[in-house]
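For reference, the structure is listed below as C-alpha cells.
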Amino acid sequence: MTAVASSSQRFRHHAAVGLRIIAVAAVYYAAARIGLMQQLVRGQITPLWPPTGVALVSLLLWGTRVWPGIALGAFLVNVSLGPSILPVVAIAVGNTLAPVCAYLLLRRAGFRIELDRLRDALALVFLGALGGMLISATLGAGVLVLSGALSADGFWPAWSVWWTGDAMGVLVIAPLLLAIRTWRWPRGVPVPRWAEAVALLAGTAAVTAVATQSTLGLLFLVFPFVIWAAFRFQLAGAAPCVLIISVIAIDAGANGSGPFSGHDLLAKMVTLQALNGTVALTALLLAATITERDHTRREIEQVCRRLSDALARLTPAEKAEEWPPIRSPKKPDQDARPGN
C-alpha cells in the first residue's frame, strides 16, 4: 500500500508540473501574439514584449521546473515568424535563457515576490529587467543578422528595440501579475475610495492620450498620476497605471504621432522607452517604499500596543518594583576632597 500511495503521489506531482508547463506555454504564446500587434522591426520585434514578464513570474512562482513551457511557447511564436528553423531555435533558446538567468539573479539577491521592499524593486529593475534581458536581445538580434534576415547596419536598432522591449515586458507585466496574484475583492470599501480608483485610471488614460497626441512635449503630465497611484494604492494601483501609459505610448510611437512624429526608429525608441522606463521605475520604487514604510509603521504600532498591554497588567506593587523612583545624585562630601 505504501508503494502504491507513493507512486500515486509522484504521478499527481508530475501531472501538476506538466499542467503548469502547458499553462505557461499557452499564456506565453497568447501574450506574444498580443505583443506582436505593435511590432516595429521585421514583424517580430516590439517595444513591449509581455512574454518576458509572464516567463519571469512563472519562474518566481514555480521555479525552474517550468522552463520547458517558456521554451515551447517561444518556439511556437517564432516558428511562424521565421526566418528558418535553426535561427528560430536559437531565438527560442535566448528567450528562455533570459528569464531563467534573471530569475537566478533575483533569487540570489533575496528577492521577495510581494515587492514590499525598496531592494526588491531595485532588484527587479536592474537584475530582472535591464540585466537579464541582455541575453535574449544580443542572441536574437545576432541570429537575425547572421541568418541574413537583417543587415549588419540593422543590428543595433534591432538590438535596442529587442532589449528595451524585453525589459519593458518585465517592468510593466511582471509587477502587474504579482499584484493580481494577491488581489482579493475588497469588502467594506467606502464609495469615495472606489470613485478615487476609477478617477485615477480614467485620468491616467485621458492625460496619456492627450500627451502622446500633442507635439508640445507634454509627456511629463503622466507622472502626477503615477505618483498618485503609488501613494494611495501602492503596487495594486501603480501597476495598472503603468500598463495604461505604456500601451498608449507604444501605440503613438508605432503610428508616429505626437512627440514621435518626424523621427527615425532609433529616436522613437529612445523617447518611447525613456518614458516607459521612467514611469515604471517611478511607480515601482514609490510603491515599494510606501509599502515598506507602512509595514514598519504597523510593526511599531503592534510593539507599542503589546508594551501598553503588558504595563496595564502590572499591579501597583509590580510597577513600583519595575520602575524605581529616580533619586537625585548624592552631593560629594567636601571633607573627603583631596587636600583637606
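The values are calculated or read from the model by the stated rules, or taken from the named source; none is laboratory data. On a predicted model such as this, the values are computed, not experimentally measured, just so you know. Cβ sites come from the backbone with ideal geometry, for glycine too, and all protein chains shown count toward neighbours. The protein model used for the area step is the full one, side chains on, heavy atoms only, and it has no ligands, DNA or RNA in it. Shrake-Rupley method; radii C 1.70, N 1.55, O 1.52, S 1.80 Å.
A few comments on the model shown:
- Packing-based ranking, highest mean first, of 279-285, 100-106, 19-25 given that Cβ atoms within 10 Å are counted: 279-285, 100-106, 19-25
- The chain - percent relative contact order, Cα under 8 Å, separation 6 or more: 17
- Extension gain for the segment HIS13 to LEU76, taken as residue separation times 0.36 nm less the Cα-Cα distance, is 20.1 nm to one decimal.
- The chain, dipole about Cα centre (Lys/Arg Cβ +1, Asp/Glu Cβ -1), debye to the nearest 20: 860
- Here the extension length gained between ALA152 and LEU221 equals 21.0 nm, from 0.36 nm per residue of separation less the Cα-Cα distance.
- Phi angles across segment 234-242 convert, under the Karplus curve 6.51 cos²θ - 1.76 cosθ + 1.60 with θ = phi - 60°, into 3J(HN,Hα) values of 6, 5, 4, x, 6, 4, x, 5, 4 Hz, Gly and Pro given as x.
- The chain has equivalent-ellipsoid semi-axes of 50, 29, 22 Å, by the square roots of 5 times the alpha carbon gyration tensor eigenvalues, sorted largest first.
- Under a Gaussian network description of the chain, with springs only between Cα atoms under 10 Å, the residue in MET133, MET269, MET168 that fluctuates furthest is MET269.
- Only protein atoms count toward the accessible area here, which uses a 1.4 Å probe; on the chain, the carbon and sulfur part of that area reaches 66 percent.
- Simple label model, 7 Å out from Cα along Cβ direction - LEU61 to HIS295, nm: 2.0
- Cα lying deepest toward the dipole's positive end in segment 76-233, options LEU134, GLY148, VAL222, charges on Cβ: VAL222
- Choice from TRP156, TRP185, TRP62 with maximal GNM fluctuation in the chain (Cα, 10 Å cutoff): TRP185
- Distance from segment 158-184 to segment 44-86 (C-alpha centre basis), Å: 13
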